[in-house]
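Derivation of every value follows stated rules applied to the coordinates shown; laboratory data play no part. Owing to the predicted nature of the structure, the values given are computational and were not obtained by experimental measurement. All Cβ positions, glycine included, derive from the backbone under ideal geometry; neighbour counts span all protein chains shown.
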Amino acid sequence: MGIQISPSMLSSDFANLEAEAARIAGADWLHVDVMDNHFVPNLTLGAPVIEALAKVAKQPIDAHLMIENPDQWAPSFVEAGAGSVTFHVEAAAAPVRLAREIRALGARASMALKPATPIEPYRDMLGELDMVLIMTVEPGFGGQSFLDLCLPKIERTRTLIERHGGEIWLQVDGGVSVDTIERCAAAGADVFVAGSAVFGADDPDAMISTLRDLASAQDVDE
């Protein structure tokens with residue numbers, strides 16, 4: 001599968017998402033954070049905006065639902081055009097059923113964990129998932145500093161994935177930059193969400209290439 005870079009649109013110019021997507025043509029995914037001001041203290045984009053973006057962007061959309069009651073709302077994001085839908089296990093009432101529903105609708109199912117949520121209680125769920133997202137900041141706002149304390153959990157998650165077998169991606173989100181991506185890759189991550197590091201660069205698309213090269217070199221070294 002290789003290294004994938006998924007820029008967070010949270011750090012982009014919301015007034016012209018089509019142009020922002022075009023500025024990051026080398027991105028593997030567009031990571032869209034959906035926040036409801038209940039599960040996290042912020043309010044962002046919803047399914048109608050994702051539907052509009054999906055019509056004009058060349059990259060597939062990874063919808064990260066930081067919302068209460070994802071069991072009810074996640075299917076609407078698949079219908080809006082998201083190719084991957086991530087729900088927080090802390091908010092899901094029936095995570096196995098939800099993952100199966102997302103897959104049945106034709107999208108990749110992903111489970112996210114906050115920094116303090118351990119992976120071990122959910123090891124038996126891996127067969128229901130296409131991706132696990134380890135948050136490396138507290139969800140809610142972009143531009144936060146990377147939490148090194150999450151690195152051991154990334155390593156443990158990679159070990160569990162390897163034991164399980166199959167192709168399950170391991171994504172990290174929060175504070176990913178040229179200063180931290182190598183540590184994440186060394187710990188076992190292969191999908192990287194980067195917001196301010198990409199959109200704050202003079203050349204966002206060149207920054208995507210730089211991040212991919214740094215992670216790929218670490219992956220080869222390991």
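Compute the label zone of ASP213 within region 26-45: residues whose backbone N is under 17 Å from the point 7 Å along Cα-to-Cβ.
26-27
Counting other Cβ atoms within 10 Å of each Cβ, which trypsin sites (Lys or Arg not before Pro) in region 41-99 have at most 13 and sit in a DSSP loop?
Loop-located and lightly packed - LYS58.
Cut-off 10 angstrom, C-alpha nodes, Gaussian network model of the chain. Which of MET35, MET125, MET111 fluctuates the most?
MET125
Restrict the search to region 115-172; then list the GluC sites (Glu not before Pro) that DSSP places in a loop and that have at most 10 other Cβ atoms within 10 Å of their Cβ.
Sparse-neighbourhood loop GluC sites (Glu not before Pro): GLU167.
Could you check which residue among SER177, SER76, SER84 shows the biggest mean-square fluctuation in a GNM of the chain with a 10 Å Cα cutoff?
The residue with the greatest mean-square fluctuation here is SER76.
Once Rh for region 147-222 is found with the Kirkwood sum over Cα pairs, what is the Stokes-Einstein diffusion coefficient at 37 °C and 0.692 mPa s, in µm²/s? Let's see the in-between values first.
Details: Rh = 12.8 Å.
The Stokes-Einstein estimate is 257 µm²/s.
Before anything else, pin down the relative contact order of region 43-120: Cα pairs under 8 Å, at least 6 apart, normalised by residue count, whole percent.
Value for region 43-120: 28 percent.
For the chain, go through all pairs of different Cα atoms, get the mean of 1/r, take its inverse, and jot down that Kirkwood value in Å.
The Cα-based Kirkwood calculation yields 17.1 Å.
With each pseudo-label sitting 7 Å past Cα toward Cβ, what's the GLU162-ALA186 distance in nm, one decimal?
Result for the modelled spin labels: 1.6 nm.
Evaluate the distance, in nm, between pseudo-label points positioned 7 Å from the Cα of GLU79 and of THR117 along their respective Cα→Cβ axes.
According to this spin-label approximation, the distance is 2.4 nm.
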